[in-house]
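Just below is one structure, and these are the notes that go with it.
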Amino acid sequence: MARAEWEALRGQGVRVMEAAARVARFVFDGDVGRLCEFLGTPAAEAVWVALDPGRPDVVLSRLDAFLTPAGPRFIEINSDAPAGFGYGDRMARLFRELPVFREVERELPVAYQASDEGLVRAIGARWRASGGTGRPRIAIVDWAEVKTRADQEILREAFAARGFACVIADPREMDVAGGRLHAAGAPVDLVYRRAVLSELVQHESEVRTFLGAYSHRLCPFVNSLRCRLSEDKAFFAILTDEAFAHLLSEDEQALVAAALPWTRRVAERRTRKDGQEIDLVPFVVENRERLVLKPTHEYGGRSVFLGSETAPDEWEAAVITALEAPWVVQERVEIPEELFPVLDDGSLEFVSLKVNANPFYVAGESVGAVTRASRSSVINVSAGGGSVPTFVVG
């Protein structure tokens with residue numbers, strides 16, 4: 001992407017992320033129970049997000065955005081164990097070894113912003129902020145069978161290269177001894193959590209020791225479980241609702257208006273859209289082609305309905321479903337497309353794919369991004385999309 005596009009994506013992404021994390025602390029007068037009720041947080045998760053180990057709630061995150069002629073439009077925040085930091089850096093390194101890419105670099109000023117350095121630095125800063133000294137022993141914690149294990153291995157190498165002891169551990173195999181959390185037979189000073197909260201509570205009986213270490217604050221967790229609040233898909237319904245505008249500065253209100261799509265939790269209620277009062281459910285039914293419906297607590301692009309690609313009767317059925325569970329309706333953002341070389345059955349062709357830019361957030365550090373591309377309007381790697389590194393030109 002062009003340098004100006006990158007600066008806008010990166011700068012606005014940091015501001016959106018930090019505003020969201022701050023608002024999550026103060027909305028509803030800091031009452032987490034009321035916030036969970038608004039978001040529709042499952043009861044099993046609400047118990048854990050209510051625990052407060054102290055700030056920061058979010059050290060690492062990834063934002064999903066579309067680049068439009070008017071600037072970036074952010075459609076989601078992913079703070080509950082975001083993946084891809086290692087993949088992005090490794091893909092960029094491999095691309096730069098390709099003869100065709102070397103030709104591009106001879107013609108254009110191309111740069112890549114790596115993420116590993118900033119991530120290691122941010123984890124170290126979190127350790128020092130907790131009162132730690134020296135270099136902590138870090139455990140990257142996720143299920144042994146997870147598909148993103150390679151991404152974690154790349155990051156383990158990044159920690160080791162900078163002098164940090166780092167292991168990858170399954171939360172089911174960790175224990176507590178002498179008042180400290182252990183992994184692979186030795187104490188852990190800091191947990192870099194990659195297991196998402198919904199899966200931890202789903203397997204709570206198997207990970208009680210790990211979750212107990214969190215509740216007893218045996219060591220810092222990055223991110224804390226409170227990160228689930230500001231990354232909830234329904235949280236944009238707070239940021240974009242005039243009723244909560246007092247929680248944002250004037251500059252932040254202008255940023256939200258420009259960079260976030262109008263979002264509401266689906267319910268039988270009246271609200272405002274473009275300065276006009278509307279009856280939400282009839283509005284959603286009647287304006288199908290301008291809107292998107294999605295469940296607030298699903299991952300991987302599952303059960304997302306794009307009104308412009310959904311039949312009217314199917315859309316109305318989705319609205320009924322959305323009234324019975326936590327769902328959001330969001331103003332649809334025009335999805336950009338670019339040509340990509342695609343090898344299909346041995347034949348190379350250039351195909352127009354829909355693209356989604358995903359800048360990483362690492363405690364305000366200068367870090368990179370990945371870009372996802374797909375034939376489908378629901379752009380997600382686990383839903384059949386692909387991922388490529390993001391380079392800056394200029």
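The values are calculated or read from the model by the stated rules, or taken from the named source; none is laboratory data. Keep in mind the model is a prediction, meaning the values are calculated, not measured. Heads up, the Cβs are rebuilt from the backbone with ideal geometry, glycines too, and the neighbour counts pull from every protein chain shown. Surface areas here come from the heavy atoms of the whole protein model, side chains and all, with no ligands, DNA or RNA. Shrake-Rupley method; radii C 1.70, N 1.55, O 1.52, S 1.80 Å.
Within segment 333-359, restricting attention to residues that are open to solvent by 70 Å² or more (accessible area, probe 1.4 Å) and touching a residue at least 12 places away in the same chain (Cβ under 8 Å), the residue that is farthest from Gly40 (Cα to Cα) is Leu339. For segment 279-394, the strands (runs of 3 or more DSSP E) that sit wholly inside it and include 2 or more residues that are closer than 25 Å to Pro109 by Cα are 337-344, 347-362, 369-374, 386-389.
Glu103: more than 21 Å from Leu181 (Cβ to Cβ), open to solvent by 30 Å² or more (accessible area, probe 1.4 Å) and part of a loop (DSSP other than H, G, I, E, B), yes or no? When the stated conditions are applied, Glu103 does not pass them.
If you go through segment 43-57 one residue at a time, do you hit one that is in contact with an Asp or Glu (Cβ under 8 Å, 6 or more places away or on another chain), part of a helix (DSSP H, G or I) and within 12 Å of Phe235 (Cα to Cα)? Within segment 43-57 (the criterion being in contact with an Asp or Glu (Cβ under 8 Å, 6 or more places away or on another chain), part of a helix (DSSP H, G or I) and within 12 Å of Phe235 (Cα to Cα)), the answer is no, since none of the residues qualifies. Of the residues making up segment 75-97, just one is in contact (Cβ under 8 Å) with a residue 40 or more places away in the chain, out of contact with any helix residue (DSSP H, G or I) (no Cβ under 7 Å at 6 or more places or on another chain) and surrounded by fewer than 20 Cβ atoms within 10 Å (Cβ to Cβ), namely Met91. Within segment 102-132, being of a type in the set (Val, Ile, Thr) and closer than 20 Å to Tyr87 by Cα holds for Val110, Val120, Ile123.
Just one of the listed residues (Val100, Val110) is touching a residue at least 24 places away in the same chain (Cβ under 8 Å) and β-branched (Val, Ile, Thr), namely Val110.
You will find that of Glu289, Glu204, Glu316, Glu250, the residue that is in contact with a Gly (Cβ under 6 Å, 6 or more places away or on another chain) and at pLDDT 95 or above is Glu289 and no other. Screening Glu242, Glu231 for residues that are closer than 22 Å to Ile335 by Cα and in contact (Cβ under 8 Å) with a residue 12 or more places away in the chain leaves exactly one candidate, Glu231.
Residues in segment 323-357 that are in contact with a helix residue (DSSP H, G or I) (Cβ under 9 Å, 6 or more places away or on another chain) and either closer than 30 Å to Ala267 by Cβ or of a type in the set (Lys, Arg) (or both): Leu323, Pro326, Trp327, Val328, Val329, Gln330, Glu331, Arg332.
No other residue among Arg22, Arg15, Arg10 is assigned to a helix (DSSP H, G or I), open to solvent by 20 Å² or more (accessible area, probe 1.4 Å) and within 30 Å of Glu105 (Cα to Cα) apart from Arg10. Among the residues making up segment 23-60, those that are touching a residue at least 12 places away in the same chain (Cβ under 8 Å) and among the basic types (Lys, Arg) are Arg25, Arg55.
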